[in-house]
Amino acid sequence: MRHTLRRSRRRLLALLGTAALALGGAVALPGTAQAANILTNPGFESGSLSPWSCTGNLGSVVSSPVHGGSRALQGAVTSSDNAQCSQTVAVQPNTTYSLSGWVRGSYVYLGVNGGASTWTTSPSAYSQLSVSFTTGASQTSATIYVHGWYAQGTYYADDISLDGPGGGGGGGDTQAPTAPSGLTSTGKTSSSVSLRWNASSDNVGVTAYDIYSGSNQVLSVSGTSATVGGLSPSTAYTFTVKARDAAGNTSGASNSLSVTTDAGSGGGTGFKQAAPYLYEGWGDPPNPSTVMSATGVKWFTMAFVLDSGGCTPAWDGSRALTGGVDQTAINQIRSAGGDIVPSFGGWQGSKLGANCSSSSALAGAIQKVIDAYSLKAIDMDIENTDEFENEAVQAKILTALKTVKANNPGLKTIVTFGTSTTGPTYYGNRLIEQAQSLGAGIDVFTIMPFDFGGGSDMYGNTVNAAEGLKNKLKSTFGWDDATAYSHIGISGMNGLSDQQENTTPAIWTQIRDWANSHHIARLAYWAVNRDRPCPGGGVVSNCSGISQNTWQFTSITAGFTG
């Protein structure tokens, strides 16, 4: 039975905003001309379509899914209208322009009227399209368009760029402004960062400064200061600024500045999840709506998504991703006002992380699950020698999580792994270090404080392990205590563990209360299937092996608020 339990959990083993304008000083050094995006509202961050226009009034601005920033274009294709959205801009004759954009959907086209175009099919993730064209000898305007294809479903587009000199007011000006200097932060909150920089100089005049977060342009202002809003708490952002003149010439980037936003109220990230594991492939799975009604719990961690062959996700590696008992359970949970986070991996079985050939292939497999259930969060349960104790596979998983997080803004990513009684082991530390080095942006690092290999103080051991994790996060990411706690999760095991450790309802209540008082992000346990009494029953799949009330651990977990 221990083998059965271990298979199942180890597999058991144990983020744009508002602008504040100001003026600054000047510097005077020559610059090198670079391409500039001459489109207006290229990322639809204004919240409206203008100056884009869409056929059949079939275009709209949406908040999900987006590629960059907080908004994107949605084109509602019909059988008789391809929902073409276009914008006309002034250009210069006899000039080569580069057009690019990020699109998602079946058969999405990007091009210029009367000229070049390109297309792709990418139903489950954003993909970049690029094409170049040269204007005619007397051409002074160009109409850029994006559209889907008839009866092929809704498409999305974001961060469209037409790079080259503008045609209005620039004349023959091809000299770029100097790069802004002295970029610094003048303040921050849990959701915003205020920036200031030294002014650029230009032979004609600087008309705007474009602020970038990573590679995404998030704001344009006319002065030398701005406040970037709509950010996530306790999150590191890297900013640069470029100057732009009336002819569309753009300077090189300023110095790079990294800023971590403050923790939210009470030290939280804004993401709190009480989500006990529910496994449809084992242990007399209960009706989730019955459990929800009895306990008040809203989230479940659904186990496990594995590889059914060829880097193809399936529940337990054998049950269809949709249409089976797992989807039935998810539908019941959502009908009752709850939601789920799927857990990928576990202790045993054919795992996507180990078997997908590359991080991009793994990201594609994960995306299939995200798309199937419109997920808000995913959990990667990284265990055993094939994933946890393989640094290359760790990196593959973290890189894939970085990719899906970029392609699904707002998605929360969780990694779950084993621990010692004093904190992360060598491989746990390595996982955290790789997450920092790769810029994976992991939201929650969840430890499994059980199957320690000895010791019976489950409360003390759990707290000590969590404190060790907190200290590792502080030293690796440079966070303070509150920020580190807000990135921590605990996933315990109710009743008897594989090694006969006993977490009683009273001990689990203590752990829950500690988690609330330290404002951690996530509390889970293995498993709701076992949340039934069977004193003296041993370590089995459908009860805890101890005396307890039915669904008692789930009720305690539901009291986690962070």
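The values are calculated or read from the model by the stated rules, or taken from the named source; none is laboratory data. The shown structure was predicted, so the numbers you read here are calculated from the model rather than taken from an experiment. A quick note on method: Cβ atoms are made from the backbone with ideal geometry, for glycine too, and the neighbour counts reach across all protein chains shown. Only protein heavy atoms, including side chains, enter the accessible area calculation; ligands, DNA and RNA are left aside. Shrake-Rupley method; radii C 1.70, N 1.55, O 1.52, S 1.80 Å.
Points to keep in mind about this one:
- Selection status of PHE560, aromatic (Phe, Trp, Tyr) and more than 29 Å from TRP282 (Cα to Cα): no
- Screening region 294-320 for residues that are assigned to a loop (DSSP other than H, G, I, E, B) and open to solvent by 30 Å² or more (accessible area, probe 1.4 Å) and picking the one that is farthest from PRO276 (Cα to Cα) gives GLY310.
- Beta carbons closer than 6 Å, at least 6 apart along the sequence or on distinct chains, pair a first residue in region 89-110 that is on the phi < 0 side of the Ramachandran plot and of a type in the set (D, E, K, R) with a second that is in a strand (DSSP E or B) and at pLDDT below 90 for ARG104/SER122.
- Each residue in region 37-60 was checked for being modelled with pLDDT of 80 or more, closer than 26 Å to VAL241 by Cα and surrounded by 17 or more Cβ atoms within 10 Å (Cβ to Cβ), and 9 of them qualify.
- Matching option when the condition is among the aliphatic types (A, V, I, L, M) and either at pLDDT below 95 or open to solvent by 40 Å² or more (accessible area, probe 1.4 Å) (or both), among ALA365, ALA392, ALA377: ALA392
- Residue list for region 232-252, filter: open to solvent by less than 50 Å² (accessible area, probe 1.4 Å), hydroxyl-bearing (Ser, Thr, Tyr) and part of a strand (DSSP E or B): TYR237, THR240, THR250
- Checklist (1) at pLDDT below 80; (2) assigned to a strand (DSSP E or B) applied to LEU16, failing item: (2)
- A single entry from THR413, THR399 fulfils the requirement of being open to solvent by 40 Å² or more (accessible area, probe 1.4 Å) and of a type in the set (Ser, Thr, Tyr): THR399.
- Of all residues in region 63-80 being assigned to a strand (DSSP E or B) and more than 18 Å from GLN217 (Cα to Cα), the one that is least open to solvent (accessible area, probe 1.4 Å): GLY75
- Of all residues in region 534-562 being of a type in the set (Phe, Trp, Tyr) and open to solvent by 10 Å² or more (accessible area, probe 1.4 Å), the one that is nearest to the chain's Cα centre (by Cα): PHE560
- Residues (open to solvent by less than 20 Å² (accessible area, probe 1.4 Å) and modelled with pLDDT of 90 or more) located in region 136-160: ILE144, VAL146, HIS147, GLY148, TYR155, ALA157, ASP158, ILE160
- Among residues of region 97-128, those that are open to solvent by 30 Å² or more (accessible area, probe 1.4 Å), out of contact with any Gly (no Cβ under 8 Å at 6 or more places or on another chain), part of a strand (DSSP E or B) and of a type in the set (Gly, Ala, Ser), counted: 1
- Of everything in region 416-426 that is surrounded by 19 or more Cβ atoms within 10 Å (Cβ to Cβ) and β-branched (Val, Ile, Thr), the residue that is nearest to SER213 (Cα to Cα) is THR416.
- Restricted to region 217-231, and to residues there that are open to solvent by 40 Å² or more (accessible area, probe 1.4 Å) and within 24 Å of the chain's Cα centre (by Cα), the residue that is modelled with the highest pLDDT is GLN217.
- Whichever residue in region 369-402 is among the small types (Gly, Ala, Ser) and within 15 Å of SER358 (Cα to Cα) and, among such residues, is farthest from the chain's Cα centre (by Cα): ALA392
- Among residues of region 185-215 being under 21 Å from the mean Cα position of the chain (by Cα), among the polar types (S, T, N, Q) and open to solvent by 40 Å² or more (accessible area, probe 1.4 Å), the one that is farthest from ASN407 (Cα to Cα) is THR189.
- Check on VAL291, more than 30 Å from ILE556 (Cα to Cα) and not in a loop (DSSP other than H, G, I, E, B): no
- Residues in region 338-378 that are outside any helix (DSSP H, G or I) and under 16 Å from ALA406 (Cα atoms): SER374, LEU375, LYS376, ALA377, ILE378.
- Residue match in region 390-397 (condition: within 30 Å of SER63 (Cβ to Cβ), touching a strand residue (DSSP E or B) at 6+ places or on another chain (Cβ under 6 Å) and not charged (D, E, K, R)): yes
- Counting only residues that are open to solvent by less than 40 Å² (accessible area, probe 1.4 Å) and modelled with pLDDT under 85, region 469-487 holds 1 of them.
- GLY423 being of a type in the set (Gly, Ala, Ser) and under 13 Å from the mean Cα position of the chain (by Cα): no
- For region 456-553, the helices (runs of 4 or more DSSP H) that sit wholly inside it and include 1 or more residues that are of a type in the set (Gly, Ala, Ser) and touching a strand residue (DSSP E or B) at 6+ places or on another chain (Cβ under 7 Å) are 458-477, 505-517.
- Going through (1) crowded, with 17+ Cβ neighbours inside 10 Å; (2) modelled with pLDDT of 95 or more one by one, ASN429 falls short only on (1).
- Inter-residue pairs, beta-carbon under 8 Å, first basic (Lys, Arg) and in region 66-87, second open to solvent by less than 30 Å² (accessible area, probe 1.4 Å), 6+ apart: ARG71/GLY43; ARG71/PHE44; ARG71/VAL62; ARG71/ASP158
- Failed item in (1) open to solvent by 40 Å² or more (accessible area, probe 1.4 Å); (2) over 24 Å from TYR426 (Cβ atoms); (3) among the acidic types (Asp, Glu), with ASP531 passing the rest: (1)
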